Amino acid sequence: MITPPAYTDSSGATAAPALGVLPGHRMVLGADRPMPLDGGGQLGPFTVAYQTYGTLNADKSNAVLVCHALTGDQYVADRHPITGKPGWWEMLVGPGKPVDTDRFFVICSNVIGGCMGSTGPHDVNPATGQPYAIDFPVITIGDMVRAQTLLIDALGIDQLFCVIGGSMGGMQVLQWAVSYPERVFAAVPIATAARHSAQNIAFHEVGRQAIMADPEWRDGAYQQAGTNPARGLAVARMAAHITYLSEAALHRKFGRNLQSRQAITFGFDADFQVESYLRYQGASFVDRFDANSYLYITRAMDYFDLAAEHGGQLAQAFRVGGKGTPVRFCLASFSSDWLFPTSESRAVVHALNAVAANVSFVEIETDKGHDAFLLDEPEFHQVMRGFINGCADHRGLKRRA
Amino acid sequence: MDATVIPPRTDIRGDLRRIADMVSTGARVLDVGCGDGALLDLLTREKGVDGRGMELGMDGVRECVSRGLSVIQGDADTDLKDYPSDAFDYVILSQTLQATRDPRGVLLQMLRIGRRVIVSFPNFGYWRVRLALLLTGRMPVTDRLGFQWWETPNIHFCTIADFTALCADLGGVTVERSAILDHAGRQLTSDATTWRANWSGEQGIFLLRRD
């Protein structure tokens with residue numbers, strides 16, 4: 001049975017993961033002028049941790065921003081410094097891959113509120129000398145993107161050739177295209193939605209309540225107390241992980257197979273493989289993720305509603321100066337994704353059609369659920385390659401030699 | 001197959017070529033039912049159009065997007081209403097009219113979205129089709145109408161005479177150009193109103209203009 005120590009430790013008093021020293025670039029932003037936040041208030045100076053791949057060309061026209069999902073980070077195409085696993089999108093990003101790092105300059109930054117080097121609730125609040133914990137301001141997808149614009153400014157890039165991301169990354173892509181249409185040539189929102197649905201908010205609330213119900217959470221001040229709400233965070237991850245899969249994928253992978261035993265035990269041990277798998281997912285997650293960050297980032301997704309900022313009309317969000325957005329879009333969804341179902345992508349497509357925007361949309365047939373955007377889906381990768389190459393031709397970027 | 005089988009045409013791109021001839025350079029074009037994107041590709045390469053496509057079948061959509069074309073999965077019967085009026089110079093419906101549930105409604109939507117509309121369709125008045133039905137008493141199966149009656153997606157067949165009558169009935173629509181093609185995709189005549197056009201033409205292509 002796979003049950004790593006963080007989950008089974010009887011004391012529960014494992015220290016919070018040491019996320020302090022991580023490889024990669026860091027940029028301090030908002031030092032001269034703090035960045036305004038959607039919820040009121042401001043943030044600054046703050047740090048954004050990021051990775052880059054490839055080379056920025058002379059006219060700075062080949063930059064691709066990759067936006068990560070809820071529990072993702074900036075290590076999109078290199079080995080993760082904590083887990084040692086390959087980059088989370090190495091199938092899509094790398095030399096000769098659809099997002100070709102021999103051709104494009106790829107940037108991926110950890111979102112603000114995150115816990116992989118960008119400023120978040122685990123960092124020290126300069127006003128108190130103590131970790132922010134839940135005194136960190138509640139941030140939105142818009143705030144995450146605003147922080148990214150400051151990073152792009154600092155890198156001297158006016159317009160991104162492409163902004164691409166799945167799930168919460170896709171929300172950031174949509175936010176980029178709506179808030180900064182002149183700074184995005186092509187937008188690729190994948191397995192995402194223009195607003196977080198009631199069902200998705202409900203799942204997030206379950207996760208947050210699991211964290212806050214853990215006595216080690218200490219009203220968020222677990223760093224000061226030397227505790228870690230690892231159990232609550234693990235349960236949050238377990239619940240969320242189910243939503244990333246599909247009934248068919250779970251059945252194919254595990255069925256009702258038993259875990260290292262011949263018969264059920266008439267107890268509450270992990271009899272079934274699926275239980276053991278979920279426990280492992282939960283337990284390994286707490287090694288690399290901060291519980292308060294999980295609260296903040298899920299909240300940012302819950303608050304996301306692009307149409308709300310535009311009188312409830314999503315199409316209005318894509319109108320620029322009385323005309324349709326100049327951004328070229330490619331949306332992709334996955335047939336078995338019930339967290340961000342195809343209907344959500346289609347709603348965005350309808351809104352883009354209503355302003356006669358340039359949009360492509362494909363639904364990929366798969367039983368792998370929401371997670372499919374991270375997995376080996378050749379058809380999806382082929383579509384991405386075609387769209388990105390087509391856009392690069394329109395942008396006048398040279399093909400690979 | 002029991003029903004009469006007519007050998008396939010040799011020039012499958014003849015009709016697409018003729019449609020492309022009707023489109024002006026650099027125009028904004030929406031191809032409804034764009035299939036694998038052959039026409040959009042032709043128009044983009046040779047006419048430099050700003051082209052978009054809509055296709056019901058996901059295989060076609062994936063093929064198109066993989067080729068760098070801007071195409072969405074959508075249904076002509078239900079999704080054209082999302083587009084704003086006058087969004088395109090040309091809206092094209094190539095070999096798809098007969099597969100729509102509401103051909104008249106689709107035509108009206110297209111004429112709203114684009115000033116000009118190009119429609120091509122197989123002519124059910126073509127002499128081989130007429131003879132097949134007359135002599136065998138079975139629903140005709142040809143290369144263009146290559147389905148048995150119980151499996152065909154083509155649910156609203158019309159003849160060239162039927163189509164010109166519908167255009168007249170719509171009102172406010174002018175047939176700017178037409179091309180009646182024979183079995184080999186050659187143009188027989190540009191006059192769609194004759195008895196001969198409706199007898200000899202295997203397919204008709206019409207360029208309509210909203211007045």
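The values are calculated or read from the model by the stated rules, or taken from the named source; none is laboratory data. Predicted model, so just to flag it, every value in this text is computed and none were measured. Virtual Cβ from ideal backbone geometry, glycine too; neighbours counted across all protein chains shown. Note: areas computed on protein heavy atoms with side chains; ligands, DNA, RNA excluded. Shrake-Rupley method; radii C 1.70, N 1.55, O 1.52, S 1.80 Å.
Here B:M110 meets each of (1) at pLDDT 95 or above; (2) crowded, with 21+ Cβ neighbours inside 10 Å; (3) within 18 Å of B:Q203 (Cα to Cα) with one exception, condition (3).
Across the stretch A:94-131, the number of residues qualifying as surrounded by fewer than 20 Cβ atoms within 10 Å (Cβ to Cβ), of a type in the set (A, V, I, L, M) and not in a strand (DSSP E or B) comes to 1. Of the residues making up the stretch B:12-31, those that are over 26 Å from B:P153 (Cα atoms) and more than 12 Å from every other protein chain (Cβ to nearest Cβ) number 7. Across the stretch B:69-92, the qualifying residues are those that are buried (at least 23 other Cβ atoms within 10 Å of the Cβ) and part of a strand (DSSP E or B), and the one among them that is farthest from the other protein chains (Cβ to nearest Cβ) is B:I92.
So is A:H350 facing another protein chain (nearest Cβ under 8 Å), more than 21 Å from the chain's Cα centre (by Cα), closer than 25 Å to B:Y83 by Cβ and in a helix (DSSP H, G or I) or not? Criteria met by A:H350. Among the conditions (1) buried (at least 22 other Cβ atoms within 10 Å of the Cβ); (2) assigned to a loop (DSSP other than H, G, I, E, B); (3) of a type in the set (A, V, I, L, M), B:M139 misses just one, which is (1).
Consider B:I118 carefully, then state whether it is closer than 15 Å to B:Q98 by Cα, surrounded by fewer than 19 Cβ atoms within 10 Å (Cβ to Cβ) and in contact (Cβ under 8 Å) with a residue 40 or more places away in the chain. So B:I118 fails the test. The residues of the stretch B:163-172 that are in a helix (DSSP H, G or I) and touching a residue at least 12 places away in the same chain (Cβ under 8 Å), listed by number, are B:F163, B:T164, B:L166, B:C167, B:L170.
When the stretch B:32-54 is limited to residues that are within 11 Å of another protein chain (Cβ to nearest Cβ) and open to solvent by less than 30 Å² (accessible area, probe 1.4 Å), the one that is nearest to A:D393 (Cα to Cα) turns out to be B:G51. When B:A99, B:A76, B:A87 are checked against the criterion of being closer than 17 Å to B:I205 by Cβ and small (G, A, S), B:A99 stands alone in meeting it.
Here the condition is being touching a strand residue (DSSP E or B) at 6+ places or on another chain (Cβ under 8 Å), more than 11 Å from chain B (Cβ to nearest Cβ), buried (at least 20 other Cβ atoms within 10 Å of the Cβ) and under 22 Å from A:L92 (Cβ atoms); of A:F340, A:F361, it holds for A:F340 alone.
Determine whether the stretch A:146-160 contains at least one residue that is acidic (D, E) and in a loop (DSSP other than H, G, I, E, B). For the stretch A:146-160, residues acidic (D, E) and in a loop (DSSP other than H, G, I, E, B): present. The stretch A:187-259 holds helices (runs of 4 or more DSSP H) entirely within its bounds, and those carrying 2 or more residues that are basic (K, R) and surrounded by fewer than 17 Cβ atoms within 10 Å (Cβ to Cβ) map to A:247-253.
Does the stretch A:301-322 contain any residue that is outside any helix (DSSP H, G or I), surrounded by fewer than 19 Cβ atoms within 10 Å (Cβ to Cβ) and within 11 Å of chain B (Cβ to nearest Cβ)? Taking every residue of the stretch A:301-322 in turn, at least one turns out to be outside any helix (DSSP H, G or I), surrounded by fewer than 19 Cβ atoms within 10 Å (Cβ to Cβ) and within 11 Å of chain B (Cβ to nearest Cβ). Among the residues of the stretch A:323-335, just one is touching a Leu at 6+ places or on another chain (Cβ under 9 Å) and either open to solvent by 20 Å² or more (accessible area, probe 1.4 Å) or free of Cβ contacts under 8 Å to residues at least 12 places away in the same chain (or both), namely A:G324.
Listed by first and then second residue, the pairs with beta-carbon distance under 7 Å, at least 6 apart or on different chains, first residue in the stretch A:381-392 and at the interface with another protein chain (Cβ under 7 Å from one of its Cβ atoms) and within 14 Å of B:T44 (Cβ to Cβ), second open to solvent by less than 10 Å² (accessible area, probe 1.4 Å) and at pLDDT below 95, are A:G386/B:V65.
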